[in-house]
Structures are given as C-alpha cells and as structure tokens.
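Trainee: Shown below is the structure under consideration.
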C-alpha cells in the first residue's frame, strides 16, 4: 500500500482542524490547572510547592505564546492552516499569565505593600510585569468586535505580541537558577519564532 504523501497529510490535517471545535482547545488547554492545584495541595510539587506552581503556570503561558505565534509561519511555509485556533491559544496564554501572577501576588508575596518594591528591585519581575501590561490590550481586543472597530490599528496593536514573547522569554531565563536543557530549548524557540517573523516586521515598518 502506498504511503500517504505530504500533500495528503497536509490536506488531512487541515480537514481535521476545520472539523475540530475551538472549545476543545480551551478545554484541553485548561486541563493542567486542576492537576497542578491538587499536586500543590498534596505536596507532589516538591518542597517549595508555591514556587513550583508559579513556574509551571508561567511555563504553560510561554508554551501557548510560542504556539500562537507559530500559527502564521505554519500556514505560510508548511501549508497547515490552524488560524481558527490562534485566538484560543492567545487567550489561554493570557489565562495562564493571570494565574501565574495571582499565585505570585496571593501565595508568594502575600502583601500589597511589597508588590511595588519587588517590581522595582527585581529586574526579572520588572520584565515580567512589562510583558503582562503589554499582553492585556491584546487579550481585551482579541475578538471580532474589536477587529471591526479598530480596523488597521488592530493589526498594528497586535504586533505587540512579538514584544510580549520576547519579554516572556527573557523573564523565563532570568528566573532560572541553572540554564538547563529545557530553559535553553524555550529560549531557542522564542528566538526562532521572532526570527521567522522578522522579515514581515521589517516590511511592515517601512513607510509605504
């Protein structure tokens, strides 16, 4: 029996993506949350469960940011169209960033008076908070109504996603005590995603 061709594989993948409801992505993307909370309560996350929970949530956020920014290159160079899932991936990234921040604020810091001081004194927190601030308008405008209302401005605004992922990757690296293989892989993926989009950004930045 003849094996499936690349074209056939691509067509099957695209057909499957068209049939798959976006809600499945949201559901699957949020599945780790209850498991992480249960593990934190049971002590399965190790001797520092709060730090481990923070790190896990932040890692998921970075993974979804990377996945979301790979959607366009996949379509352009591989012919795989997953555009219908891009908003879900972006909102999942935002959800995990919010949970990451919430754990830090409530369980780690535990004092409103310390928040401002930590943001100023600790560079990795400064970088992370800047990334969060830039991510908020992207999440708020991640809907068809905002796209219609903002028009061309919407596309310019959503270029902030590149700054967000750069800051997220830097924040991830800065909190590492040891640059292990996983940290280097994530750093490499961030650089790879930005490099893929660099020509497009340069073209967009040139005056018409």
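The values are calculated or read from the model by the stated rules, or taken from the named source; none is laboratory data. In this text the structure is predicted, and so the values were computed from the model without any measurement. Note that each Cβ is placed from the backbone with ideal geometry, even for glycine, and that neighbours are counted across all protein chains shown.
Trainee: If a residue must be more than 30 Å from residue 176 (Cα to Cα) and in contact with a helix residue (DSSP H, G or I) (Cβ under 6 Å, 6 or more places away or on another chain), how many such residues does the stretch 1-57 contain?
Mentor: Qualifying residue count for the region: 1.
Trainee: Something else now. Within the stretch 1-45, which helices (runs of 4 or more DSSP H) (wholly inside it) include 3 or more residues that are out of contact with any strand residue (DSSP E or B) (no Cβ under 6 Å at 6 or more places or on another chain) and over 14 Å from residue 85 (Cα atoms)?
Mentor: On the way: elements: 6-19, 22-30, 32-42.
Correct list: 6-19, 32-42.
Trainee: Out of the residues in the stretch 59-69 that are crowded, with 20+ Cβ neighbours inside 10 Å and either in contact (Cβ under 8 Å) with a residue 40 or more places away in the chain or not in a helix (DSSP H, G or I) (or both), state the one that is nearest to the chain's Cα centre (by Cα). Spell out how you get there, then give the answer.
Mentor: From the stretch 59-69, those crowded, with 20+ Cβ neighbours inside 10 Å are 60-62, 64-65, 67-69; that's our starting set.
From what's left, either in contact (Cβ under 8 Å) with a residue 40 or more places away in the chain or not in a helix (DSSP H, G or I) (or both): 61-62, 65, 68-69.
Values: 61: 4, 62: 4, 65: 2, 68: 7, 69: 8 Å.
Among those that are crowded, with 20+ Cβ neighbours inside 10 Å and either in contact (Cβ under 8 Å) with a residue 40 or more places away in the chain or not in a helix (DSSP H, G or I) (or both), it is 65.
Trainee: Next question. Could you check how many residues of the stretch 97-123 are closer than 24 Å to residue 33 by Cα and in a helix (DSSP H, G or I)?
Mentor: Qualifying residue count for the region: 13.
Trainee: Inside the stretch 161-201, can you point out the residues that are surrounded by 15 or more Cβ atoms within 10 Å (Cβ to Cβ), part of a loop (DSSP other than H, G, I, E, B) and without any contact (Cβ under 8 Å) to a residue 12 or more places away in the chain?
Mentor: Residue satisfying the conditions is 176 alone.
Trainee: So is residue 101 within 16 Å of the chain's Cα centre (by Cα), at pLDDT 90 or above and surrounded by 14 or more Cβ atoms within 10 Å (Cβ to Cβ) or not? Full working, then the answer.
Mentor: Values: within 16 Å of the chain's Cα centre (by Cα): yes; at pLDDT 90 or above: yes; surrounded by 14 or more Cβ atoms within 10 Å (Cβ to Cβ): yes.
Yes; evaluated as a whole, the condition is true for this residue.
Trainee: Let me ask something else about it. Considering the stretch 127-160 alone, what residues qualify as being under 20 Å from residue 195 (Cβ atoms), at pLDDT below 95 and in a helix (DSSP H, G or I)?
Mentor: 160
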